[in-house]
Amino acid sequence: MPILIAVTTGLRRGEILGLRWHDIDLEARTLAVRQTVELSRAGLGSKEPKTPKSWRSIVIPPLLVDALRTHKLEQAKRRLELGPAYRDLDLVCAAADGGPRRIPTNSLGPSRRPWSEPACPMCVFTT
C-alpha cells in the first residue's frame with residue numbers, strides 16, 4: 001500500500017506513514033495531509049507538516065480508491081483477530097499490530113521488502 005500511495009499521490013514517506021483513515025474521503029476521492037511520522041531518538045512519532053503548503057488535499061485516482069477500500073477491510077479483519085492487542089491509531093499504513101511502521105529511505109531491493117508488494121528497485125522514498 002505505501003508504494004501505491006506514493007506513486008499515485010506523490011506523498012513523502014512521513015506523509016504516507018502519518019496518513020489516517022479520517023484523513024481520507026473515499027466517496028469524494030480525496031485525502032488530506034494533516035500529519036507526518038518521523039523517526040527520532042525517542043522512536044517513531046507524529047507531528048504536524050512543516051510548512052503551510054505541506055497541509056494540502058489531494059484528489060486520488062480510482063485505482064487507489066479501490067485499493068484503499070480493500071486495504072481497509074483487510075485491516076479491520078486484523079483488528080478483529082488481534083482484539084485488544086491491536087493498537088488502533090487510525091493509520092492507513094500501520095504495522096501488523098496497528099502501530100506505526102517504518103519505511104526505509106534507501107532503495108527497496110529484494111532483501112529489503114517491508115511490504116507484501118513486490119520489491120521496486122527504482123523506488124526511493126525521500127524525507
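The values are calculated or read from the model by the stated rules, or taken from the named source; none is laboratory data. Quick caveat: nothing in here was measured; it's all calculated off a predicted structure. So basically every Cβ, Gly included, is an ideal-geometry build from the backbone, and we count neighbours across all protein chains shown.
Descriptive notes on the structure:
- For the residues 76, 96, 67, the requirement of being exposed (fewer than 14 other Cβ atoms within 10 Å of the Cβ) and touching a Leu at 6+ places or on another chain (Cβ under 9 Å) singles out 96.
- Of the residues making up the stretch 84-109, those that are part of a loop (DSSP other than H, G, I, E, B), modelled with pLDDT of 85 or more and not small (Gly, Ala, Ser) number 9.
- Among (1) farther than 21 Å from residue 22 by Cβ; (2) at pLDDT below 90; (3) touching an Asp or Glu at 6+ places or on another chain (Cβ under 8 Å), the one test that residue 47 misses: (1)
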